[in-house]
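Data first, discussion second: the structure below is written as structure tokens.
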Amino acid sequence: MNNWEYAESIESEKIVKIEKKYGHFINGEFVSPNSKKYLDTISPSSEEVLSSISIGNEKDVDFAVNAAKEGLKQWSKTSPSERSKYLFKLARLIQERSREFAVLESLDGGKPIKESRDFDLPQVAQNFFYYAGWADKIDLAWGSGISKPYGVVGQIIPWNFPLLMLSWKVAPALATGNTVVLKPAETTPLTALLFAELCDEVGLPKGVFNLITGDGTTGSELVNHKDIKKIAFTGSTSVGKYIQKSLAGRDVGLTLELGGKAANIVYNDAALDEAVEGVVNGIFFNQGHVCCAGSRLLVQEDIHDVFINKLEKRMQTLRVGNPLDKNTDIGAINSKDQLDKITDLVNEGVSDGGELFQIECELPKNGFWFKPSLFTGVQANYKIATEEIFGPVLTTLTFRTPDEAVEIANNTEYGLSAGIWTEKGSKILWTADRLDAGVIWANTFNKFDPASPFGGYKESGFGREGGRHGLLSYLKASS
Ligand code: NAP
Ligand code: MG
């Protein structure tokens, strides 16, 4: 059964309506691209073409930024409590149409429906509710000295949590009085396009939210536009560095949410079965396409064998397959490019001398798939121990003492997240205190809350999204 037949079998054709072609959403309406160029977005679980999206060129970007500049005139006169109402309306509409959004996200990006339905969509709505609540309390949050919005902000988001990353960026930007030009990733534009329809439905003033689709060159045009006052970027460290260089010397605000190579540390006194669950969730959630994934398992040497044994047994129960099947645990890899990247790194791990375990399962014929994988016998200098794989691949390292665990955990260019598994509260505090990571989970992993700031250290970027600190990313000192 192909994806569409499956979608029909669960009646989702009544839920999602995908246009054959989409324009950009500028100044409150969908418009054809000046470039006259389009690119296909496909379903990575079947390789079927879902739709064609516009490729934004310099003129398209200019049109969108000008619309956002015009939009600012009205948005800056809109009272904070009115801004709040729009965000509440958007939050409620997202909740009402969350099934449609979830199916679309899974079709376009490959993630399991149980994740898009039970994780992404509830979080998206919560973020809009949360920042709707802040809109008329900004001065209370940071004092009137820092209460000025940047103006027109450019936001560039990746493909792993498309709508969730949109909500992390758009909700605080609008709450603080900025107007937005958003550029989604080329492989996952569809939920952002549906969100644009919602902006129209709630009557958001024209030009306040603008959406420009395309590829990396479109993102680059946005970064380089002379009237952009702030760029918020989530994506790879390499593109993040490129953007930072492009903005050097310009008075443009910047926040970067980049990659990670998080340590998930399991001490020998941890509740092992719970730790196995946390480690599985830490790396296999969303096929491992997660910047804060617990991609390095650091296990205390004396429990290595028993822990790996339990872990392999648990991994074998993971169900890989159609993202629209609600029993699926591991969906499709987002793109052929990403699959090639994962395959190359895993092959290198094997030739370096790592011992590879992959679960036994049949993979669908079409689409992009990778079996949940675990490396043991790894040296700290192997690429699989240092580079972000961004796929369902876990790399194991061992340690003897807590000091050694901290040293290995911090031995990375990245500093986004970490996990600690132990029965002892004092050991949690001792370890957390020494880890260079923006977010640290103890006896759990991948827990998010709109009130809690998220962001990294070192090459994982700077600035925070979420919580009160997420407002600060869209405010500057008033002169
Ligand atoms: P990416 O290539 O950096 O792309 C991210 C976004 O930037 C996409 O919208 C992309 O457009 C756009 N882009 C590409 N080149 C650009 C350029 N020169 N100038 C401006 N924009 C440009 O990353 P990805 O492959 O989509 O995502 C995977 C990476 O993102 C991973 O490394 C992951 O760790 C990181 N990530 C980090 C976080 C976090 O919160 N820290 C969250 C999610 C992902 P196209 O898609 O059209 O090329
Ligand atoms: Mg797609």
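The values are calculated or read from the model by the stated rules, or taken from the named source; none is laboratory data. From a predicted model like this one, the values you see are computed outputs, not experimental measurements. As a convention, Cβ positions derive from the backbone with ideal geometry for all residues, glycine included, and neighbour counts pool all protein chains shown. Note: accessible area is taken over every heavy atom of the protein model, side chains too, but ligands, DNA and RNA are not part of it. Shrake-Rupley method; radii C 1.70, N 1.55, O 1.52, S 1.80 Å.
A few notes on this one:
- Positions within segment 57-99 being among the basic types (Lys, Arg) and open to solvent by 40 Å² or more (accessible area, probe 1.4 Å), in sequence order: Lys59, Lys69, Lys73, Lys77, Lys85, Lys89, Arg92, Arg97, Arg99
- Test set (1) open to solvent by less than 10 Å² (accessible area, probe 1.4 Å); (2) of a type in the set (S, T, N, Q); (3) in a helix (DSSP H, G or I) - Ser238 fails condition number: (1)
- Residue that is farthest from ligand 1 (Cβ to nearest atom) [pool: residues in segment 146-172 that are at negative phi and assigned to a loop (DSSP other than H, G, I, E, B)]: Ser147
- Matching helices (runs of 4 or more DSSP H) fully within segment 272-386 where at least 3 residues are touching a residue at least 60 places away in the same chain (Cβ under 8 Å) and not basic (Lys, Arg): 272-284, 304-316
- Glu348 vs. criteria open to solvent by 40 Å² or more (accessible area, probe 1.4 Å), in contact with a Lys or Arg (Cβ under 7 Å, 6 or more places away or on another chain) and under 27 Å from Gly438 (Cα atoms): no
- Ile18 vs. criteria more than 16 Å from ligand 1 (Cβ to nearest atom), open to solvent by less than 80 Å² (accessible area, probe 1.4 Å) and either in contact with a helix residue (DSSP H, G or I) (Cβ under 8 Å, 6 or more places away or on another chain) or of a type outside the set (Val, Ile, Thr) (or both): yes
- Residue match in segment 262-284 (condition: within 16 Å of ligand 1 (Cβ to nearest atom), open to solvent by 10 Å² or more (accessible area, probe 1.4 Å) and in contact with a Gly (Cβ under 7 Å, 6 or more places away or on another chain)): no
- In segment 173-194, residue surrounded by the most Cβ atoms within 10 Å (Cβ to Cβ) [restricted to those that are part of a helix (DSSP H, G or I) and away from ligand 2 (no atom under 16 Å from the Cβ)]: Leu174
- Thr237 within 15 Å of ligand 1 (Cβ to nearest atom), under 30 Å from Leu39 (Cβ atoms) and in contact with a Leu (Cβ under 8 Å, 6 or more places away or on another chain): yes
- Taking residues in segment 149-164 that are under 18 Å from Leu107 (Cβ atoms), and partners anywhere that are more than 14 Å from ligand 1 (Cβ to nearest atom) and open to solvent by less than 10 Å² (accessible area, probe 1.4 Å), the pairs with Cβ atoms closer than 8 Å and at least 6 places apart or on different chains are Pro162/Glu105; Leu163/Phe101; Leu163/Glu105; Leu163/Leu121; Leu163/Val124; Leu163/Phe195; Leu164/Val124.
- Where helices (runs of 4 or more DSSP H) sit wholly within segment 59-139, those with at least 1 residues that are closer than 30 Å to Ser335 by Cβ, within 16 Å of ligand 2 (Cβ to nearest atom) and aromatic (Phe, Trp, Tyr) occupy 98-109.
- Number of the condition not met by Trp430 [criteria: (1) assigned to a loop (DSSP other than H, G, I, E, B); (2) open to solvent by 60 Å² or more (accessible area, probe 1.4 Å)]: (1)
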